[in-house]
Amino acid sequence: MREEIEDRIRRAAVDVLVGCDGLRSTEDREQFLDLVLDRLGRGGRLPRHSIPRSQWVALLRLCMRTPDGVSCLAAVLDLLDPGSAESRLMLRLGDEWRAVSGLPSEFTESWDLLGDALTSLRLPADERWRLVSRATLSRLRTPPDHSTTPWSDFLYLVGQNTAPEQVPPWMAYLEEVTAWLEDTALRQEIRALNRRRAARWEFGDTLDRRRYARSAERQPPIHDEHLAIRIMPAPFDEGHYTVSYWFHSDARGPDFGRRRDSAVIAFTDLQRTVSEVISEVERAEGDRPGQLRLEFVLPLELINLPVESWPLDAAEDPHLPLGMTYPAVVIRSLDRLLDQRWHGWWRLRWQKLRQEPAAGSVYMSIPNTSPQHPSRVVAGLLDEEHVAAVLSEPPEEGRTHGCLEFRTALRTGYPVVVWHRTSESTTEFRQVLSDLFAGGFTELLPRITRFRRQAAALGSGAPEHHIGRHLAVLWDDPDRKPL
């Protein structure tokens, strides 16, 4: 990508020189060449060409051997024709050449994304000046005259010196100017790119302090965040899967950010890959007052994966389970997300849950071998008063009743479904859930997390059948769809 950018700059610079009225005559071209060569310390060592374009191509080849070569050429052009459109454009090309030569490769790989985002951003001049001043700690009050957009401001700042123990001015500017982007996903992607580099250069904490010092007055002290992780079987590759993820922060808006995907991996690599995804998001987001909830978006055939017991860090032993680490670890149904025929019931039950969180009714299915059991379950789940369902057994292969109950609950719109991962619903299990549901739905997920932590706190000597170790929770919010 870097080579493509450099080639575009070279072509644009040659076009500027070819079209410059002040360089039409042989005398003017000779004067211009002499001044540029003097600045470069090259004397007269440049072959002369009778065709102007060929001469400018040769000059650009020489100038582009150094990061400041194009800026040197631009400065001479501005000296001969101050303030002209050609000199301003050449100065911007010089800034871009210096920037693409000096920035890390991940930024040049995202050059078009950054350029499109910042060029299209329309800011008042005084706001641009304020951002430049803050990024340089008031060493610069305004950008130079040739810089007219947030993109050109950013490119110019790449060439500015960094104060001791501070982030580079361009990095500080990128952090703050992205706050003006209306596209939440785009803003998140650029900030994550910026912060990952800050972390590699050990500026992460400094960048975080700048971010939250500026935004504390308009962000709640604590906000919810959601990391949706989708696991899907890979097509035509049995036993292999893809992992995709989306991040959402209530502090940034209502929508999930842009999806990211993993390569095709074996089942045995799922826990390690999920651990790496969580680590990447935590590093990218940095120090912030966010409560991160994990949402595993699973198809029916994987719905009983014990994701809450997976490790936060797959390399650690003993490991810290996700269900004990985060405020909530829940399951979401990929099948329902993709099938809009089921969304009407889903929306209605969710609205009922939100409007009456303390009074929501729960349908509990009791294990029964009667031939009439399936039809009774379907009739019970169709009751519009219910907003949550408890299954009689896990919805996994070989468990006919559990699979029927789960599919019916999805199709009839239940946003909350709970089951025991390894056994039928017992009297003890149903009593535990009655106690958890008794406090209403507003704080249900924190209560479930505390219950899981209580089970973990009992240690290895505790009975393996402790319900807190086998509690599966589907919590499906139709207002947030990671698609």
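The values are calculated or read from the model by the stated rules, or taken from the named source; none is laboratory data. Owing to the predicted nature of the structure, the values given are computational and were not obtained by experimental measurement. Cβ coordinates were reconstructed from backbone atoms using ideal geometry, including for glycine residues, and neighbour counts include every protein chain displayed.
Of the residues 35, 91, the single one that is crowded, with 20+ Cβ neighbours inside 10 Å and out of contact with any strand residue (DSSP E or B) (no Cβ under 9 Å at 6 or more places or on another chain) is 91. Determine whether the stretch 294-314 contains at least one residue that is in a loop (DSSP other than H, G, I, E, B), in contact with a helix residue (DSSP H, G or I) (Cβ under 8 Å, 6 or more places away or on another chain) and among the charged types (D, E, K, R). Looking for residues that are in a loop (DSSP other than H, G, I, E, B), in contact with a helix residue (DSSP H, G or I) (Cβ under 8 Å, 6 or more places away or on another chain) and among the charged types (D, E, K, R), one finds at least one in the stretch 294-314, hence yes. Of the residues making up the stretch 59-79, those that are surrounded by 17 or more Cβ atoms within 10 Å (Cβ to Cβ) and touching a helix residue (DSSP H, G or I) at 6+ places or on another chain (Cβ under 6 Å) number 11. Any chance the stretch 410-420 includes a residue that's surrounded by 14 or more Cβ atoms within 10 Å (Cβ to Cβ), in contact with a strand residue (DSSP E or B) (Cβ under 7 Å, 6 or more places away or on another chain) and among the hydroxyl-bearing types (Ser, Thr, Tyr)? Within the stretch 410-420, one or more residues are surrounded by 14 or more Cβ atoms within 10 Å (Cβ to Cβ), in contact with a strand residue (DSSP E or B) (Cβ under 7 Å, 6 or more places away or on another chain) and among the hydroxyl-bearing types (Ser, Thr, Tyr). Taken together, the criteria place residue 65 among residues that are modelled with pLDDT under 85, of a type in the set (Lys, Arg) and more than 24 Å from the chain's Cα centre (by Cα). Selection of the stretch 355-395 for residues being in contact with a Phe, Trp or Tyr (Cβ under 7 Å, 6 or more places away or on another chain), in a loop (DSSP other than H, G, I, E, B) and farther than 19 Å from residue 467 by Cα yields 357, 360, 383.
With the condition being within 30 Å of residue 78 (Cα to Cα) and free of Cβ contacts under 8 Å to residues at least 40 places away in the same chain, I'd like the helices (runs of 4 or more DSSP H) fully within the stretch 116-214 carrying at least 3 qualifying residues.
Details: elements: 125-135, 150-158, 169-177, 184-200.
The qualifying helices (runs of 4 or more DSSP H) are 125-135, 150-158, 169-177.
Assess whether residue 441 counts as being in contact (Cβ under 8 Å) with a residue 60 or more places away in the chain, assigned to a loop (DSSP other than H, G, I, E, B) and assigned by TED's automatic domain parsing to the domain that holds residue 331. Considered against the rule, which asks whether it is in contact (Cβ under 8 Å) with a residue 60 or more places away in the chain, assigned to a loop (DSSP other than H, G, I, E, B) and assigned by TED's automatic domain parsing to the domain that holds residue 331, residue 441 comes out as yes. Among the residues of the stretch 179-188 satisfying the criterion of being surrounded by fewer than 22 Cβ atoms within 10 Å (Cβ to Cβ) and not aromatic (Phe, Trp, Tyr), which is modelled with the lowest pLDDT? Filtering the stretch 179-188 for residues that are surrounded by fewer than 22 Cβ atoms within 10 Å (Cβ to Cβ) and not aromatic (Phe, Trp, Tyr), the one modelled with the lowest pLDDT comes out as 184. Applying the condition of being closer than 20 Å to residue 201 by Cα and of a type in the set (D, E, K, R) to the stretch 100-158 and asking which residue is nearest to the chain's Cα centre (by Cα) yields 106.
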